[in-house]
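The values are calculated or read from the model by the stated rules, or taken from the named source; none is laboratory data. Since the structure is predicted, the reported quantities are computational estimates derived from the model, not experimental observations. Cβ sites come from the backbone with ideal geometry, for glycine too, and all protein chains shown count toward neighbours. Heads up: the accessible areas ignore ligands, DNA and RNA and are worked out on the full protein's heavy atoms, side chains in. Shrake-Rupley method; radii C 1.70, N 1.55, O 1.52, S 1.80 Å.
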Amino acid sequence: MTNVELGLPALPAKPYPAEVHERLAADARELIGRYPVARSALLPLLHLVQAEEGFVSPTGIRFCAEQLELTTAEVTAVATFYTMYRRKPAGTYHVGVCTNTLCAVLGGDQIFAELQDHLGIKNNETTDDGEISIEHIECNAACDYAPVVMVNWEFYDNQTPESARKLVDDLRAGHDPAPTRGARLCSFKETSRILAGFPDERPGAVDASGAGGAPSLAGLRLAKGEALPGTPGTKVVAPRHEGTEA
């Protein structure tokens with residue numbers, strides 16, 4: 001099996017240009033300083049270099065290794081283990097379609113298939129204009145809103161093939177549709193920098209984040225012995241402290 005088949009970057013790699021290296025090194029020092037052991041900063045550093053190029057390149061691998069005094073093999077092992085680190089450039093908008101069990105049976109598989117046909121790309125590919133990349137996601141941790149699509153890790157809930165196609169068309173047209181919940185949408189590179197641990201400096205962006213809605217809170221209400229909206233008032237389960245079913 002070749003390195004290409006494994007998705008491994010070809011190393012050694014060229015360094016970043018001097019001005020880019022200097023800027024990233026300053027950010028890296030800040031991130032590393034947050035941890036008692038330097039190598040603990042590897043995950044944030046991988047997000048940092050992904051924010052620079054839109055993926056974790058061989059140059060980014062080399063940079064992380066140098067900053068943490070690790071081998072490029074050690075950094076590569078981590079970068080290729082986690083799917084959140086891209087091995088080739090992502091689009092401005094990285095679309096993740098959940099195809100795990102609940103989302104799949106409620107339409108996630110169909111959404112993913114139709115988006116690929118609509119965009120003319122396959123899994124982990126990017127459109128020719130560089131705007132949209134697509135990936136099937138094992139779980140977006142939002143089963144109560146299935147089927148779920150994420151764009152740069154922001155939620156678009158209760159999707160259908162039609163709404164998902166409109167979503168990517170709006171993104172390509174520059175409309176930036178608002179997520180169902182969470183902060184306003186930003187580019188994949190900007191999202192990666194936030195995930196590295198730097199604040200979202202867009203005015204009002206953090207305030208736009210929302211808490212869980214009614215589907216997320218349904219289990220809590222049931223555990224408390226409350227009746228759900230729209231029910232005749234019969235409790236589905238009793239409060240735990242009562243120890244009996246209602």
Determine if the stretch 19-35 includes at least one residue that is farther than 24 Å from Pro199 by Cβ, in a loop (DSSP other than H, G, I, E, B) and not polar (S, T, N, Q). no
Here, helices (runs of 4 or more DSSP H) confined to the stretch 145-230 with at least 1 residues that are more than 20 Å from the chain's Cα centre (by Cα) are 161-172, 214-223
Under 7 Å by Cβ, and 6 or more places apart or on different chains, what pairs join a residue from the stretch 11-37 that is more than 17 Å from Pro58 (Cβ to Cβ) with one that is open to solvent by less than 80 Å² (accessible area, probe 1.4 Å) and assigned to a loop (DSSP other than H, G, I, E, B)? Leu31/Gly197
Taking Val149, is it under 18 Å from Ala113 (Cα atoms), surrounded by 14 or more Cβ atoms within 10 Å (Cβ to Cβ) and touching a Gly at 6+ places or on another chain (Cβ under 9 Å)? yes
Is it the case, given these coordinates, that Phe55 is in contact with a Pro (Cβ under 8 Å, 6 or more places away or on another chain), under 20 Å from Ala90 (Cβ atoms) and outside any helix (DSSP H, G or I)? yes
Within the stretch 36-52, restricting to residues that are open to solvent by 10 Å² or more (accessible area, probe 1.4 Å), in a helix (DSSP H, G or I) and not hydrophobic (A, V, I, L, M, F, W, C), the one that is nearest to Ile132 (Cα to Cα) is Glu52
Looking at Thr59, Thr72 in this structure, which one is of a type outside the set (Phe, Trp, Tyr), open to solvent by 30 Å² or more (accessible area, probe 1.4 Å) and over 25 Å from Asn140 (Cα atoms)? Thr72
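Within 28 Å of Asp176 (Cβ to Cβ) and open to solvent by less than 20 Å² (accessible area, probe 1.4 Å), is that true of Arg23? Can you show your working first?
Details: within 28 Å of Asp176 (Cβ to Cβ): yes; open to solvent by less than 20 Å² (accessible area, probe 1.4 Å): no.
Against the criterion (within 28 Å of Asp176 (Cβ to Cβ) and open to solvent by less than 20 Å² (accessible area, probe 1.4 Å)), Arg23 does not qualify.
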One residue from Glu131, Glu190, Glu135 being within 30 Å of Leu31 (Cα to Cα), touching a residue at least 60 places away in the same chain (Cβ under 8 Å) and open to solvent by 10 Å² or more (accessible area, probe 1.4 Å): Glu190
Closer than 21 Å to Asn124 by Cα and modelled with pLDDT of 95 or more: which single residue out of Leu46, Leu24, Leu8 fits that description? Leu46
Given the conditions (1) open to solvent by 50 Å² or more (accessible area, probe 1.4 Å); (2) within 21 Å of Gly213 (Cβ to Cβ), which single one is not true for Val105? (2)
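Here is a yes/no grid of residues against (1) more than 30 Å from Asp144 (Cα to Cα); (2) part of a helix (DSSP H, G or I); (3) in contact (Cβ under 8 Å) with a residue 24 or more places away in the chain; (4) more than 13 Å from the chain's Cα centre (by Cα):
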{"position": "Thr59", "(1), (2), (3), (4)": "yes, yes, yes, yes"}
{"position": "Gln67", "(1), (2), (3), (4)": "yes, yes, yes, yes"}
{"position": "Thr76", "(1), (2), (3), (4)": "yes, yes, yes, yes"}
{"position": "Arg86", "(1), (2), (3), (4)": "no, no, yes, no"}
{"position": "Pro89", "(1), (2), (3), (4)": "yes, no, yes, yes"}
{"position": "Gly107", "(1), (2), (3), (4)": "no, yes, yes, yes"}
{"position": "Glu114", "(1), (2), (3), (4)": "no, yes, yes, yes"}
{"position": "His118", "(1), (2), (3), (4)": "no, yes, yes, yes"}
Picking from Gly182, Gly213, which residue would you name as being at pLDDT 65 or above, touching a strand residue (DSSP E or B) at 6+ places or on another chain (Cβ under 6 Å) and either small (Gly, Ala, Ser) or open to solvent by less than 30 Å² (accessible area, probe 1.4 Å) (or both)? Gly182
May I ask you to list the residues in the stretch 75-102 that are crowded, with 18+ Cβ neighbours inside 10 Å, in contact with a Lys or Arg (Cβ under 9 Å, 6 or more places away or on another chain) and closer than 23 Å to Ile132 by Cα? Ala79, Ala90, Thr92, Tyr93, His94
Hits in the stretch 193-210 (condition: at pLDDT 75 or above, open to solvent by 50 Å² or more (accessible area, probe 1.4 Å) and within 30 Å of Ala79 (Cα to Cα)): Arg193, Ile194, Leu195, Pro199, Glu201, Arg202
